[in-house]
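Here is the structure we will look at, set down as structure tokens.
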Amino acid sequence: MSLIANALSNIKPSPTIAVSMKANELKALGKNIISLGMGEPDFDTPQHIKNAAINAINQGDTKYTAVDGTANLKKAIINKFARENQLSYKASEVIVSTGAKQVIYNALIATINPLDEVIIPAPYWVSYPDMVLLAGGVPVIAQSSSENNFKITPDELKSKITSKTKWLILNSPSNPTGACYNQDELQSLVEVLIENPHVYILTDDIYEHLIFDDLQFYTLPQIAPQLKDRCLVVNGVSKAYAMTGWRIGYGAGPEKLIKAMSMIQSQSTSSPSSISQAASVEALNGNQDYIQQGKKIFQERRDLVVSMLNKIEGIECNQPNGAFYVFPSCKKLLGKKAVISGVEQIIKDDNDFATYLLEEALVAVVPGVAFGASGFFRISYAASEDFLKDSMSRIAKACEKLK
Ligand SMILES: Cc1ncc(COP(=O)(O)O)c(C=O)c1O
């Protein structure tokens, strides 16, 4: 009998974490690697948020809290939804978890029966399909095209819905493409969803505040109140307030679902950290200037990276409206020859291309295949302007060497 459960045979470790580990190994060998692989802001958590955590510790706020989050944090979340998304929730419709990742995991474990289907638009965040598999479900991939700026159309959605569809996962702004659905695009998906009342919608809004070009963020239940009872809205403080290590995410949805998710959490991790929850109250209720500052810096970096990438022969990069990723195509460079690990080889796919960039340019990027889209690669521009300029010119030089 094997020690490891069969359920694990279908899942893989997070490829983004694998890239950053490989980059760290090379750094430890003294190589001057620039890592554009990780999905976290390079800024520090704002001081007023840190102070709230320090106060919480000093005041003895260091015990277990209610499993689904403190009353104070739930109130701050309810106010956030009312203020920013015009959505009204009761405390029993909100859960706080150890990161948005745990909210999503709880939701899938709480709802999926064997062979239930979950529609995941590709390119997707690496964890969605594996979480669905762990929950015993079937990920159904809806491929979007770069021509449509990596957004699925109503017809593409319609073609994936079956009687077994339990969830559609929407993520806008998107990791890995930075794509954002505008109001009309969401509305056209809403029409398909209204016709299919058995489908629930998990909207992962973790990059809500990283949206550029004066585009307005909309979450699906905001524009379709009639679908609110079928939506789980997922968000968190990780990306908006540079708080990835604090591990606080939250979800809002129908009470029955939230109750089931809390039950799972109560038997796995119990409450999220009391200190991080106190810090998150300050993040959501306190001064919000940080968000505007972060947004401005990320938009400037996006402009820099997209323009430098598009000057490289063979690379084509859309200009996304959000998050801190770009998802360029390397398709025109496939089939060219390069020296990889000391041997001349043909660059067959985006995996080879990313390995080549790591070895030749000393720049770590993540191959598109990890996100369900071969022929592309993801760059996270959550790095300083100097690092970005240096890494883009290293990538340009490495691409020039391809024959
Ligand atoms: C699309 C998406 N959803 C959720 C998460 C998880 O966020 P958290 O740090 O709150 O667990 C990430 C983190 O990379 C993400 O990119």
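The values are calculated or read from the model by the stated rules, or taken from the named source; none is laboratory data. None of these values were measured; they are calculated from a predicted model. Cβ atoms come from the backbone with ideal geometry, glycine included; neighbour counts cover every protein chain shown.
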Report task. Please identify the pairs in which a residue from the range 139-152 that is farther than 10 Å from Ala179 by Cα has its Cβ atom under 6 Å from the Cβ atom of a residue that is of a type in the set (D, E, K, R), counting only partners at least 6 apart or on another chain. Result -> Val140/Glu117; Val140/Lys160; Ala142/Glu156; Ala142/Lys160; Ser144/Lys151
Query raised in the report: Of the numbered conditions (1) away from the ligand (no atom under 16 Å from the Cβ); (2) crowded, with 24+ Cβ neighbours inside 10 Å; (3) hydroxyl-bearing (Ser, Thr, Tyr), Tyr290 satisfies every one except a single condition; which is it?
Result: (2)
Query raised in the report: Is it the case that some residue within the range 306-315 is surrounded by 22 or more Cβ atoms within 10 Å (Cβ to Cβ) and either at pLDDT below 95 or closer than 28 Å to Tyr207 by Cα (or both)?
Result: no
Report summary line: Within the range 250-275, the residues that are within 15 Å of the ligand (Cβ to nearest atom) and crowded, with 24+ Cβ neighbours inside 10 Å are Tyr250, Gly251, Ala252, Met261, Gln265, Pro272
Query - Top-ranked residue of the range 227-242 - restricted to ones that are surrounded by 24 or more Cβ atoms within 10 Å (Cβ to Cβ), within 27 Å of Asp44 (Cα to Cα) and not polar (S, T, N, Q), ranked as nearest to the ligand (Cβ to nearest atom) - result: Gly236
Query raised in the report: Can you name the residue in the range 308-323 that is in a loop (DSSP other than H, G, I, E, B) and within 16 Å of the ligand (Cβ to nearest atom) and, of all such residues, is nearest to the chain's Cα centre (by Cα)?
Result: Ala323
**Report entry** Residues located in the range 324-370, provided they are closer than 30 Å to Lys296 by Cα and in a strand (DSSP E or B)
**Finding:** Tyr325, Val326, Ser329, Val363, Ala364, Val366, Pro367
Requested in this report: Would you check if Ala82 is of a type in the set (A, V, I, L, M, F, W, C), at pLDDT 95 or above and surrounded by fewer than 16 Cβ atoms within 10 Å (Cβ to Cβ)?
Outcome: yes
Requested in this report: Only residues that are in a loop (DSSP other than H, G, I, E, B), of a type outside the set (A, V, I, L, M, F, W, C) and either over 20 Å from the mean Cα position of the chain (by Cα) or within 13 Å of the ligand (Cβ to nearest atom) (or both): list them for the range 167-181, please.
Outcome: Ser172, Pro173, Ser174, Asn175, Pro176, Thr177, Gly178
**Report entry** the range 371-381, residues that are crowded, with 24+ Cβ neighbours inside 10 Å and either in contact with a Pro (Cβ under 8 Å, 6 or more places away or on another chain) or in a helix (DSSP H, G or I) (or both)
**Finding:** Phe371, Ala373, Phe376, Phe377, Arg378, Ile379
Report task. Hey, can you tell me all the residues within the range 38-56 that are in a loop (DSSP other than H, G, I, E, B) and not charged (D, E, K, R)? Result -> Met38, Gly39, Pro41, Phe43, Thr45, Pro46
Report summary line: Of (1) among the hydrophobic types (A, V, I, L, M, F, W, C); (2) within 16 Å of the ligand (Cβ to nearest atom); (3) surrounded by fewer than 17 Cβ atoms within 10 Å (Cβ to Cβ), Ala5 satisfies every one except (2)
Report task. Mind telling me which of the residues Gln299, Gln267 ends up being farther than 17 Å from Ala52 by Cβ and without any contact (Cβ under 8 Å) to a residue 60 or more places away in the chain? Result -> Gln267
Requested in this report: For the range 206-226, indicate whether the set of residues that are within 16 Å of the ligand (Cβ to nearest atom), acidic (Asp, Glu) and surrounded by 15 or more Cβ atoms within 10 Å (Cβ to Cβ) is non-empty.
Outcome: yes
Query raised in the report: Is it true that Asp184 is part of a helix (DSSP H, G or I), more than 14 Å from the ligand (Cβ to nearest atom) and either within 29 Å of Phe298 (Cβ to Cβ) or touching a residue at least 12 places away in the same chain (Cβ under 8 Å) (or both)?
Result: yes
Report task. Those residues that are without any contact (Cβ under 8 Å) to a residue 24 or more places away in the chain and within 22 Å of the chain's Cα centre (by Cα), I need them from the range 270-296; list them, please. Result -> Gln288, Gln292, Gln293, Lys296
Report task. Provide a single number: the residues in the range 341-362 that are in contact (Cβ under 8 Å) with a residue 12 or more places away in the chain and more than 14 Å from Leu26 (Cβ to Cβ). Result -> 7
